[in-house]
Amino acid sequence: MNFSKSLKNILVAGSVLIGAASCTDNFEELNTNPNNPSKPTPAQTFTFAQLAVSGVGHETSRLNSLTTGQIGMHYIGAWGDSRVWLTGSGPVWVGEYWNKSYVKIVGNLEVAIKDVTADDADPAKLAMLDVWKVFNAHRITDIYGHVPYFNAGKGYAAAEAGESLTQDMLKPKYDEQSAIYADMIAKLDNAVQVLGTAGNSFGEADLVYGGDHLMWQKLANTLRLRLATRLGDDAKVTQSLNAPLIETNEEIALIPFTGEGDIWGLASNGDAFSFDWGGAFPSQAILNAMNQKDTDVTNDDPRLPVFFVNSIEEEDGTVTVYDWFEPQTMQGEDLTTSKHPAFAANRTNIGGYDTPEMVATPMEVAFLRAEHTTDAAMQLQYFTQGINLSLEYYGLGSDVETDYPAFWASVKSNFDANPKAEILKQKWIGLIGNGPEAYAEVRRNSDLFFGTIFVPGVDYKKTSQGTDGGFDDFYQWKIEYPASEAATNLENMQAAQNMPQNFWWTK
């Protein structure tokens, strides 16, 4: 599939949401009459909803490097601590992810679901659309808490169909996270069953797996394992572990970069400047985790120079190399000046706007297997596999014990002392660039991350004004609703703020 050519037409085809002209089923041919555009097909709408996960412009970069990447403890910002994006002018930027997700992803998916249902109600197509809906929805509720879910996007679908809009569509109520999770799990249960037979739906329009049912079954089950782990649902975890999962790097679910012209334009998607600018730097926590908190370079994590750069060419042409262990800024500290650009995220490997957006990886599955097994030998095997899969993805080999013996000795020693803590730490390191998942991991296991994996005063700033269960007051347990909601859906937003704050991370 010619992504760059088809993307232009697919974006244009999303006329219900972006107000552009449409195209025919043939991605290469535009309608000659702009006053009589044809309706986008469900396949075209699905493609757009997939691409939008990686952002069309800047919303994904703001989600990753400026918010969840920082409160997920991977990065520190050069314009102040994490809170700058949650107070003052920050929410205007942070709110872009909410606004664009509900328009570009949720709205498009509801249109596609409505159209498929009216056409032939193909169970496989509906299951694939539901899986993508769950992926987007779980990100939103994991970040914000109670959010619009059951009525979200219904207005877009009704408008496209020429139907009347109800108040519930125009101003959707916020649903409790517990109800959202129950429905997401149910949708994934259905998808795992429906997609368990070989077949193909949507074909090349599916940018993730080319329409392969069995691969979508693996994605559905991998997401189910992720969400069941969040909830602590042992029965559902066991069910997921016994069904097909994403196991190899060839099976990774991701959204590829597709560029056409200006990266800020509608014909381009990707993590635009996600980590490619001077506003996000490696935190003290991740540098300490990757250099083993010592000055012995032989046991450094081999991914360290892949993730970050510690050298810079000065104006006179000389190159200065900095010590990875040189003290950096910690979460909880205020930055009054920008840090040296040498400590910006590596722009080539994880930082460019053309970086793929990760949805689900085998590394995550391996570490989840390690976390859930009660067999000590299997736990070590899954733990090692998780590290090897991460190394392999970055082209660093696939045998940590043989290729990096000093690093492995240090990691294995940590594992022997506290298996769960080291499993969680290595998984957290492997999630670099995936701010939402890193943020979720830290909150789900906050008792181990704060105080054990992250040492107060060493990895993050310990304060005397601890709140939220005794943890330090710098930490954000969820992101506040965007200002746009206060302007357009105030009553329902306020009702959500008064709901019990019984989120999965408060258990």
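The values are calculated or read from the model by the stated rules, or taken from the named source; none is laboratory data. Just so you know, these numbers come straight off a predicted model, no measurement behind them. Cβ placement follows ideal geometry from the backbone for every residue including glycine, while neighbour counts extend to all protein chains displayed.
For region 236-245, check the following and say yes or no: at least one residue is at pLDDT below 95 and hydroxyl-bearing (S, T, Y). Taking every residue of region 236-245 in turn, none turns out to be at pLDDT below 95 and hydroxyl-bearing (S, T, Y).
Considering region 393-499, the qualifying helices (runs of 4 or more DSSP H), each wholly inside and each with 3 or more residues that are of a type in the set (A, V, I, L, M, F, W, C) and at pLDDT below 95, run over 483-488. Remark: pairs (first residue in region 421-446, among the hydroxyl-bearing types (S, T, Y); second residue at pLDDT 95 or above; Cβ separation under 8 Å; 6+ apart in sequence or on different chains) = Y439/D142.
D183 falls short of the stated requirement of being touching a helix residue (DSSP H, G or I) at 6+ places or on another chain (Cβ under 8 Å), of a type in the set (D, E, K, R), in a helix (DSSP H, G or I) and surrounded by fewer than 21 Cβ atoms within 10 Å (Cβ to Cβ).
Taking the criterion of being closer than 25 Å to T68 by Cα and within 18 Å of the chain's Cα centre (by Cα), would at least one residue in region 150-166 satisfy it? Among the residues of region 150-166, not one is closer than 25 Å to T68 by Cα and within 18 Å of the chain's Cα centre (by Cα), which makes the answer no. Out of T141, T117, which single residue is under 23 Å from A179 (Cβ atoms), surrounded by fewer than 20 Cβ atoms within 10 Å (Cβ to Cβ) and modelled with pLDDT of 85 or more? The conditions single out T117. Taking region 252-348 as the region of interest, the strands (runs of 3 or more DSSP E) fully inside it that hold 2 or more residues being within 21 Å of the chain's Cα centre (by Cα) and at pLDDT 75 or above are 253-255, 280-282.
Every residue, every condition in (1) within 24 Å of L254 (Cβ to Cβ); (2) not aromatic (F, W, Y); (3) not in a loop (DSSP other than H, G, I, E, B), yes or no:
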| position | (1), (2), (3) |
| --- | --- |
| A159 | no, yes, yes |
| M169 | no, yes, yes |
| E204 | yes, yes, yes |
| W216 | yes, no, yes |
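Every listed requirement among (1) over 24 Å from F503 (Cβ atoms); (2) crowded, with 22+ Cβ neighbours inside 10 Å; (3) not basic (K, R) is met by E437 save one, (1).
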